[in-house]
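Chemist: Below is the structure I would like to discuss, written out as structure tokens.
The values are calculated or read from the model by the stated rules, or taken from the named source; none is laboratory data. From a predicted model like this one, the values you see are computed outputs, not experimental measurements. Methodologically, a virtual Cβ is constructed for each residue, glycine included, from the backbone with ideal geometry; neighbour enumeration extends over all protein chains shown. For the accessible areas, the whole protein counts, side chains as well, though only heavy atoms, and no ligand, DNA or RNA atoms are used. Shrake-Rupley method; radii C 1.70, N 1.55, O 1.52, S 1.80 Å.
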Amino acid sequence: MFKAVMICALFGLALAAVHQPQPQHVEHHVVGHPDDVHAEVLSRKDDVRADGFDASLETSNHITRQDSGDEHGNIQGSYGWISPEGQHIEIKFVADENGYQPTGDAIPAVPEHVARTLAWNAAHSHEEVAHHVHH
């Protein structure tokens, strides 16, 4: 039995080696400008202290980042880039005990029904929510 399994395994390996699929050409679509791969850092600042940090970055292809944080883990800042359509995109953010909160024209607005639900959830305790769910 062992010899039969070994013969089948070797036969399978031989067939696999003979019938390997040919590599297919995959077309890669690059988002952005072709020169982005050659972008250089124009300026960079990293100041880390016991009471927080300040950091910034600017590249030759118009990518920017600026942020600062405190000793409690709260961070605020912004980042930006030029979209493939040529539009300057800037996102400002705060990250604190309430989570990551980005703002900017490129971020879609929260639908009204979702905003009402979030407001209702924030205004009611977990016990009240559990009561409504179970009754």
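Chemist: I'm trying to understand the selection: among the residues of region 64-76, which are surrounded by 15 or more Cβ atoms within 10 Å (Cβ to Cβ) and more than 15 Å from ARG44 (Cα to Cα)?
Modeler: GLY69, ILE75, GLN76
Chemist: For region 48-63, which positions are in contact with a helix residue (DSSP H, G or I) (Cβ under 9 Å, 6 or more places away or on another chain) and exposed (fewer than 15 other Cβ atoms within 10 Å of the Cβ)?
Modeler: Answer for region 48-63, where residues must be in contact with a helix residue (DSSP H, G or I) (Cβ under 9 Å, 6 or more places away or on another chain) and exposed (fewer than 15 other Cβ atoms within 10 Å of the Cβ): just SER60.
Chemist: Could you please tell me which pairs satisfy a Cβ distance under 6 Å, a separation of 6+ or placement on different chains, a first residue in region 71-86 that is within 12 Å of GLY52 (Cβ to Cβ), and a second residue that is open to solvent by 70 Å² or more (accessible area, probe 1.4 Å) and assigned to a loop (DSSP other than H, G, I, E, B)?
Modeler: Going by the 6 Å Cβ cut-off, the qualifying pairs are GLU71/ASP51.
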